[in-house]
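Here's the structure we're looking at; comments come further down.
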Amino acid sequence: MEDLLALVRTSGGGRICFDAEQEQVERATSDREGRTVKVTRVAYSTALNPGKYAELVEQARRLGRVRSEVWQRYGSVAGVGSGLTDRRVRDWWLAAGTHEQFGVLANAWKETVRDAMADIGANLAAATVQVRRTVCRRTSDPTERKRMLTALRTGQWAGEPFLARQMRKHWKRGRNRTHDQIVVRADQYNVAADVRGHLWLAIPGLQRRRMVRIPLSTIVAPTGTLRLILRAGRVEVHYQIDASQLRSSQRPCGERTIGVDKGYTEALTDSDGDHHGGSLGELLSSESDQLKERNRRRAKLRSIANNAALRGDQAKAHRIRRNNLGTVKRNRQAARHRARVRTEIFTAVHRVVDKAATVVAEDLAKRFAGRKTFGKNVNRRLAAWTKGVTAEALTNVSERRGSALVHVNAAYTSQACHRCGSLRRRSGDRLHCIPCGVVWQADVNAAINILQRAVDPDIALHTPHHRVKQILQDRTDRHRTRLPVQDSSPATTERRAKHPNCSATSNRRKQVDR
């Protein structure tokens, strides 16, 4: 890791943004031993009484009104954007009596206010990341860039016209759509086991000194602040634990620097040529095809029910909707599919970290608009591509196991030859490089490009894609002009002086054709 950072810092100009990213990685690496990494665990209710579930649904609905009020009042520049805290909001509501309209206990709405303010802050932080990228693309002056980034980091962006416009563009007023969650503080619930060893979670209800007891399907008692999510008659209890308690966190990481390419067919392909998570593409494609067929049948049944309702046969329409158009089974199958996909991706990431102390990955947070149009099936499958889960797995596993994660610019990593740098069109899993006369495995070639880009002195993390393309083309031209001259005849020398790359390219094409 130190060698990689040293190469980046001594590589010259144009790397200011990338240096900042590397310093963040270095600080995170140095602080990893001193802080605790948390992971989320989920416990489920079992055989929950319908009356208890109805009471929890009513409580979640009322707390949803609390969230909506917070988002409406403080989800803007004058709210969280001005440095407002949840404690100030609670004090204002207590003084004005605003909390009385919700009909929930004090600790319940206070925790909901805190959680909603944290959501707004996360929304603001996400917009700040987007604006930071825009600043890095806008100016190449180190002094001006540092001034704008400092104003953005310290919350003084309202006084900068450009930053204010960009923040209004990326940080849009949100709206609460969460009406099925209850946040319970650590000292407001208790967990007890019955004579059969089953755990029961008791949380406050809508009335004082009245607890709602929920049977759990686990033998491990949840700890810390709980987040209860109500779905399809079942309660999901989300809580955080220390990542060091997991067996996977105790596995040591490797000692090398590895570049990885995120893919659809395989979860990851590293710069050594190894593929990880080879079943991901099959899982995503089969699920996409099943969803297509299932939705086609559901649409047909919905059309029959609507026609029956128009004819006045309400009984038939009701039977179809009740017995065939429900969502309980569909949601359960979707949850199983998500669990299988996450298992495949996290397993692939662990295999990469097994041999890597530093993982170099492409930053795919930005949307790329391609010129090529695809069919409906391909678009449906690409829409289900879980690159966000892959990015989450890389971050979580790297933090838990002590490896460093470095993000680089993803522009043209799949279309450039890692040997000569020339841009070529990718055909499936192959990349034909005519100057080199080699057909590369496209994902392996992309992983090598990603690894090389970590120490690239000219291409920073937020360099615009058109600038990246120009840099790669300039490098290719310089590489071609340094090719040895095969024929020293006067006519050939004069022709090469005017067209220095034609004969070399044509000779290599003949070799490829042979």
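So the values come out like this:
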read-out	value
Rounded Å value of the spacing that divides the Cα centres of the range 83-100 and the range 389-462	50
Greater than 21 Å apart at Cα, pairs in Lys52/Lys110; Lys292/Lys329; Lys38/Lys110; Lys262/Lys292; Lys38/Lys262	Lys52/Lys110; Lys38/Lys110; Lys262/Lys292; Lys38/Lys262
Distance from the range 227-252 to the range 125-183 (C-alpha centre basis), Å	31
Cα centre as origin, Lys/Arg/Asp/Glu Cβ charges: the range 186-249 dipole, Debye	280
Net charge of Cβ neighbours under 13 Å - reference Leu206; Lys, Arg +1; Asp, Glu -1	+4
Accessible-area composition of the range 228-310, carbon plus sulfur, in percent [1.4 Å probe]	45
Positive-pole candidate from Ile182, Ser217, Thr257, dipole of the range 165-303, charges at beta carbon	Ile182
Gyration tensor (alpha-carbon) shape descriptor, the range 372-471, a/c threshold 1.5	oblate
Within the range 190-274, GluC sites (Glu not before Pro) in DSSP loop having at most 12 other beta-carbon neighbours inside 10 Å	Glu255
Amide hydrogen neighbours beyond the local backbone of Gly278, cut-off 5 Å, H modeled	Ala267
For the range 238-334, radius of gyration divided by Kirkwood radius, i.e. Rg to Rh on alpha-carbons	1.27
Accessible area per residue, Å², the range 148-239 with all protein chains present, probe 1.4 Å	59
Kirkwood Rh in Å, taken over the range 167-235 so that all alpha-carbon pairs contribute	14.4
Sequence-distant residues sharing a close amide H with Val406 (under 5 Å, placed H)	Val359, Val360, Ala361
Amide H contacts of Arg41 (H built 1.01 Å from N, under 5 Å, at least 5 apart or other chain)	Tyr239, Gln240, Ile241
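The values are calculated or read from the model by the stated rules, or taken from the named source; none is laboratory data. All figures in this text were calculated on a predicted structure; none of them were measured in a lab. Glycine gets a Cβ as well: all are built from the backbone with ideal geometry, and neighbour counts include every protein chain shown. Surface accessibility is based on the protein's heavy atoms, side chains included, excluding ligands, DNA and RNA. Shrake-Rupley method; radii C 1.70, N 1.55, O 1.52, S 1.80 Å.
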